[in-house]
Amino acid sequence: MNPLILNLGESSLFKGYTIGELERVFSSIHYRMEKYPLGCLVRSRGSVHDELLILLDGSAVAEMQDQSGKVIRVERLEAPSVLGSAFLFSSDREFPVDLVADDRGSTFLLMSRETVLRLCRNEEKFLLNLLRDIGDRINLLADKLFMLTLGTIKQRLANYLLKLHRSNGRCFELDMSREALADFFGVARPSLSRVFSELVDIGAIATRGRKVEIISVEKLVNILNFER
């Protein structure tokens, strides 16, 4: 078995699987590996999506191009990551973005729809993980759509920090890097960094790396409700 497959134990689809269980599963199913160098197009937007892709090594970038030709980065993915679980069984199975290998390149494991269905029938743990992954992606999409209704970067950041505050209390660690957060907000990294600094300057938060302390919930709520 390819040693990279052992990375799957850290992925959302195979959460809770031991090394022995991974060896058992992958000795009984058909899969293949694909490796792409930096900058190579892995999948194009609109191509038929009939296989589940799992990023095993390296990183990749999901991009879209608007009518003017401007490339918009949708998401940066780090291994291990699952791609396209929500679209694999949709009626319109088209890949929604351009997927490009990043950094030192990307290595993917691919499984057909039939193989995924077989795993769902035979592996209850895999089925539950797949359903959870799809549900998490729907929640993420809903959050992103709500972010687009907020007019300023400061509002988007205030909303994000208040959500983490509700889940984790006054002090917490960001659940994604600032680069990934900028992609999530659809803004440039320097613009997001400036807004973090502004929130520190007005006494709303304190930061240390990815650690954040909420100093004033009221100030964040006021930004969310009244900033224009």
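The values are calculated or read from the model by the stated rules, or taken from the named source; none is laboratory data. Note that the structure is predicted; figures quoted are calculated from it, not measured. With ideal geometry, Cβ positions are generated from the backbone for all residues, glycine too; neighbour counts draw on all protein chains shown.
A quick yes/no check of all residues on (1) of a type in the set (Gly, Ala, Ser); (2) farther than 24 Å from ARG178 by Cβ:
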residue: GLU21; (1), (2): no, yes
residue: MET33; (1), (2): no, yes
residue: GLY39; (1), (2): yes, no
residue: ARG45; (1), (2): no, yes
residue: GLY84; (1), (2): yes, yes
residue: ARG104; (1), (2): no, no
residue: PHE108; (1), (2): no, yes
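Residue check: is ASP103 in a strand (DSSP E or B), surrounded by fewer than 20 Cβ atoms within 10 Å (Cβ to Cβ) and on the phi > 0 side of the Ramachandran plot?
yes
With ARG93, ARG32 as the choices, which residue is more than 20 Å from the chain's Cα centre (by Cα) and of a type in the set (Lys, Arg)?
Just one listed residue meets the conditions, ARG32.
Could you please tell me which pairs satisfy a Cβ distance under 7 Å, a separation of 6+ or placement on different chains, a first residue in the stretch 127-148 that is closer than 18 Å to VAL25 by Cβ, and a second residue that is surrounded by 15 or more Cβ atoms within 10 Å (Cβ to Cβ) and among the β-branched types (Val, Ile, Thr)?
Cβ pairs passing all conditions: ASP133/VAL82.
Considering only the stretch 209-226, how many residues are without any contact (Cβ under 8 Å) to a residue 40 or more places away in the chain and within 15 Å of GLY151 (Cα to Cα)?
The number of residues fulfilling the criteria is 3.
If we keep just the residues of the stretch 149-162 that are touching a residue at least 12 places away in the same chain (Cβ under 8 Å) and not aliphatic (A, V, I, L, M), which is farthest from LYS211 (Cα to Cα)?
Within the stretch 149-162, the match that is farthest from LYS211 (Cα to Cα) is GLY151.
Return the residues of the stretch 173-228 that are charged (D, E, K, R) and over 27 Å from GLU78 (Cα atoms); say none if nothing qualifies.
GLU198, ASP201, GLU218, LYS219, GLU227, ARG228
Residues that are farther than 30 Å from LEU13 by Cβ and not assigned by TED's automatic domain parsing to the domain that holds ARG73, at least 3 per element: which helices (runs of 4 or more DSSP H) completely within the stretch 109-228 meet that?
The helices (runs of 4 or more DSSP H) meeting that bar are 153-168, 189-201, 217-226.
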